[in-house]
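Quick notes on the structure that follows.
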Amino acid sequence: MYKHLLVPIDGSELSERAAAASLGLAAVLGARITAFVAEPLPPLPNETTSPGSYMRTAEQHRERTEIHAHDALARFSAQAAEQGVPFAGEFRRVNSVDESIVEAATTFGCDLIVMVTHGRSTFGELLFGSHTKSVLARSKLPLLVLH
């Protein structure tokens, strides 16, 4: 059946739920997991931003996102080790989180994507968007959606 799960995480309580569920599923299936953190690129400067200020802000952003990604992956890795599930963690800085998830699944040879959804209302999705729905629309791989 499924042998390699891609689990996009962001360190939130919801992604912790995805981690736990995917570990249970991987253990039952004898599958391995690749956890994936997609961090946004630094915001672009505007006309009032000085080059020096922008460089400092961009560097601070890079440092914060790297620490955040490594912390999230380390927690997931420790849980996988406890359960004996083969695990790899990947981190990328990206323009589009949704596109990068689909690309990562293909690049890493995954055969199932496991994601969580906030379960927002239609208005909430219009306001905030839905990475899960976008991945579902873009991917040719099966997508397991947890709520």
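The values are calculated or read from the model by the stated rules, or taken from the named source; none is laboratory data. Values in this document were obtained by computation on a predicted structure and should not be read as measured data. Every residue, glycine among them, receives a Cβ derived from its backbone with ideal geometry; neighbour counts consider all protein chains shown.
Looking at segment 61-99, which of its residues are in contact with a Phe, Trp or Tyr (Cβ under 9 Å, 6 or more places away or on another chain) and among the polar types (S, T, N, Q)?
THR65, SER77, GLN79
Mind checking which residues of segment 1-34 are hydroxyl-bearing (Ser, Thr, Tyr) and either in a helix (DSSP H, G or I) or touching a helix residue (DSSP H, G or I) at 6+ places or on another chain (Cβ under 6 Å) (or both)? Even if it seems obvious, please write down each step before you answer.
Taking segment 1-34 as the starting set, the residues that turn out to be hydroxyl-bearing (Ser, Thr, Tyr) are 2, 12, 15, 22, 34.
Correct list: TYR2, SER15, SER22.
Which of (1) in contact with a strand residue (DSSP E or B) (Cβ under 9 Å, 6 or more places away or on another chain); (2) polar (S, T, N, Q); (3) in contact (Cβ under 8 Å) with a residue 60 or more places away in the chain is the odd one out, the single condition GLN83 does not satisfy?
(1)
Could you please tell me which pairs satisfy a Cβ distance under 8 Å, a separation of 6+ or placement on different chains, a first residue in segment 45-68 that is under 16 Å from ARG92 (Cα atoms), and a second residue that is of a type in the set (Lys, Arg)?
ARG62/ARG93; THR65/ARG93
Considering only residues of segment 3-41 that are of a type in the set (Ser, Thr, Tyr) and either in contact with a Phe, Trp or Tyr (Cβ under 9 Å, 6 or more places away or on another chain) or crowded, with 19+ Cβ neighbours inside 10 Å (or both), which is farthest from MET115 (Cα to Cα)? I'd like the intermediate steps shown before the answer.
Let us first name the residues in segment 3-41 that are of a type in the set (Ser, Thr, Tyr), namely 12, 15, 22, 34.
Adding the requirement that they be either in contact with a Phe, Trp or Tyr (Cβ under 9 Å, 6 or more places away or on another chain) or crowded, with 19+ Cβ neighbours inside 10 Å (or both) leaves 15, 22, 34.
Details: SER15: 8, SER22: 9, THR34: 12 Å.
Per the stated criteria, the residue is THR34.
Tally the residues that are farther than 21 Å from GLY30 by Cα, among the β-branched types (Val, Ile, Thr) and part of a helix (DSSP H, G or I), restricting the search to segment 72-106.
Qualifying residue count, segment 72-106: 3.
Go over the candidates GLU66, GLU90, GLU82, GLU103 one by one and state the one that is within 11 Å of the chain's Cα centre (by Cα), modelled with pLDDT of 90 or more and acidic (Asp, Glu). Write out each step before concluding.
Values: GLU66 fails: within 11 Å of the chain's Cα centre (by Cα); GLU82 fails: within 11 Å of the chain's Cα centre (by Cα); GLU103 fails: within 11 Å of the chain's Cα centre (by Cα).
Being within 11 Å of the chain's Cα centre (by Cα), modelled with pLDDT of 90 or more and acidic (Asp, Glu) holds for just one of GLU66, GLU90, GLU82, GLU103, which is GLU90.
Mind checking which residues of segment 22-52 are among the small types (Gly, Ala, Ser) and at pLDDT 95 or above?
SER22, GLY24, ALA26, ALA27, GLY30, ALA31, ALA35
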